[in-house]
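So the structure is just underneath, and the comments pick up after that.
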């Protein structure tokens, strides 16, 4: 059989590598410039305000260093991680499993639709009573609040992803003798929906860092608790310090996850 | 007009009715023909003649309203590994490499890992894609994707290759090349091929026999034996006569 691929070109994907590095560098420089501008504006604004309204970047930097040096920061971060990690993981897994199941099965979807639509608009914060009653003022209670947040984001991302899976790909799988929900979901539905599922996970991870503050509102110690207590004492420099900690944590986890995402979705 | 007795594939009185928005639609009416082992049969007809519906019924992806399809005497009610299926738009699994796509059908087959690798490598070679085994479909051209789809269908070593307008989505030059390659593979492997197309020239070029379909309702107009030596050239007078004969029926 003829093996020449004349008139039948494969696209090459690596000749753009050089240009990409230039674009990345440009973007990095622009972003750094933007950040400098923002801190500059903040500094100028702080000149005209008393410190308890808006402390200057220098004051915040000093507080940041002091909090880090005293070990307070590490303690608070460690405490938050104790509920952020289990809350995010449990909520994410349950959200994906439920989303895939309901997105795939018309029957399950029809049965659960009224319940889902009733529960969906409930904000995680409104569930604090249940967190306390069911789990207590502890990491489990805070993890529950975070898990609820992670659940819905992952539920809808997975549900949408599964709904969008091409019927044609399922036909191909069926034509090769795959049948039954489990086989088709494992071999076709989950890989085909993986871009949406991964986007859901990533969005959820960010949302869960936001929920750390809410989840500690009823007394569980951690970064959120530290922010709330400092707010009550008008220690705005401490508030900003721990907001920065949350931002940095988000940035760290998000960057790491984005790398995972790129690697898993190399086929795209 | 039943030629079907004792054939490898017997299509007996197959009809299909859909309940459309404006009442029932008769997509297929009493389709009846047979395919012999090793034969290359083309089903040709205009769009809307129900040939894709017929393809799906033959593949076991959709039930007929009446009639039945028999493969080696066995009634087809669901997809079977005796049939390798190639779809119009390739439908490769984009998250799998060429190698993984070709091996897809073998996950259900009882084949050892060594045998599977050997077979997959051989097929990738057969369809001229050596060097692309670890590429993802996104980096392949249409013609290359259809080669992968063909290799994927051949991997399960089916007795029958069932193809739905497989070369409809590629440019003319690539189509001609793929047609030639398919004939080579057919002659090399001795598979039976049932090939759906709307392209009359393609049917005359490829088929031992052409099943000509018409629409409203989708049914067989005539079955024509193509008595031409291969390779066939469309500039031959006899090629033109077959072409005109099929054209007039549609």
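Every number here is computed from the coordinates shown, using simple stated rules; none is lab data. The structure displayed is predicted, hence computed values, not measured ones. As a convention, Cβ positions derive from the backbone with ideal geometry for all residues, glycine included, and neighbour counts pool all protein chains shown.
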Practice item. From zero up to wherever the largest Cα-Cα distance of the range A:70-219 sits, split into 5 Å bins and tell me the percent of pairs in each. Key: 2, 10, 17, 18, 16, 13, 10, 7, 4, 3, 1, 0, 0
Review point. With axes computed from alpha carbons, what is the tilt in degrees of helix B:142-155 against the longest principal axis of chain B, rounded to the nearest 10 within 0 to 90?
Key: 90 degrees
Revision key, fill the gap. Rounded to the nearest 5, the percent of antiparallel DSSP beta bridges in the protein assembly as shown equals 55 percent
Review point. Once you sort the root eigenvalues of the Cα gyration tensor of the range A:153-196 as a ≥ b ≥ c, which label holds: rounded (a/c under 1.5), prolate (a/b larger than b/c) or oblate (the other case)?
Key: prolate
Exercise for review: Kindly put A:197, A:145 in sequence by how many other C-beta atoms sit within 10 Å of each C-beta, fewest to most.
Suggested key: A:197, A:145
Check your understanding: Which of B:12, B:115, B:68 comes first, and how do the rest follow, when ranked by fewest Cβ neighbours within 10 Å?
Key -> B:115, B:68, B:12
Check your understanding: By how many degrees, between 0 and 90 and to the nearest 10, does the Cα long axis of helix B:113-126 differ from the longest principal axis of chain B?
Key -> 70 degrees
Review point. Calculated from DSSP H runs of 4 or more alone, at -39500 (n - 2.57) each and per residue, what is the 222 nm mean residue ellipticity of chain B, nearest 500?
Key: -10000 deg cm²/dmol
Exercise for review: Compute the Cα gyration tensor for chain A, then decide on rounded, prolate or oblate, letting a ≥ b ≥ c be the square roots of its eigenvalues: rounded whenever a/c is under 1.5, prolate when a/b is larger than b/c in the other cases, and oblate in all that remain.
Suggested key: oblate
Point to revise | Relative packing of peptides B:215-222, B:234-241 - highest average C-beta neighbours within 10 Å first | key: B:215-222, B:234-241
Study note, to complete from the structure: Counting all Cα-Cα pairs in chain B, those more than 32 Å apart amount in percent to 21 percent
Review point. What's the average, rounded to a whole number, of partner chain beta-carbon atoms within 10 Å of each residue's beta-carbon in A:173-183?
Key: 6
Review point. So, in nm, how far is label residue A:68 from label residue A:19 when the simple model puts each one 7 Å beyond its Cα toward the Cβ?
Key: 3.9 nm
Check your understanding: Once the Cα gyration tensor of the range B:129-250 is found, what semi-axes does its equivalent ellipsoid get, as square roots of 5 times the eigenvalues, in whole Å, sorted largest first?
Key -> 28, 16, 15
Revision key, fill the gap. For the range A:93-151, shape from the Cα gyration tensor axes a ≥ b ≥ c, cut at a/c of 1.5 then a/b versus b/c, turns out prolate
Review point. Can you put A:47, B:162 in order, fewest other beta carbons within 10 Å first?
Key: A:47, B:162
Check your understanding: Where does helix A:57-70 land angle-wise versus the long Cα axis of chain A, in degrees 0 to 90, nearest 10?
Key -> 80 degrees
Check your understanding: Under the Kirkwood approximation applied to all pairs of distinct alpha-carbon atoms, what is the hydrodynamic radius of the protein assembly as shown in Å?
Key -> 27.7 Å
Exercise for review: Quick one: compute the contact order of chain B, relative version, from alpha carbon pairs under 8 angstrom and 6+ residues apart, as a percent.
Suggested key: 25 percent
Study note, to complete from the structure: D (µm²/s, integer) via Stokes-Einstein for the range B:115-183, Kirkwood Rh across alpha-carbon pairs, 10 °C, 1.306 mPa s: value 126 µm²/s
Practice item. Ignore the peptide's own chain and count Cβ atoms of other chains within 10 Å of each Cβ in B:152-164; give me the average, rounded. Key: 1
Check your understanding: Taking N as the number of residues in the range B:179-250, what is its alpha-carbon radius of gyration divided by 2.2 N^0.38 Å?
Key -> 1.12
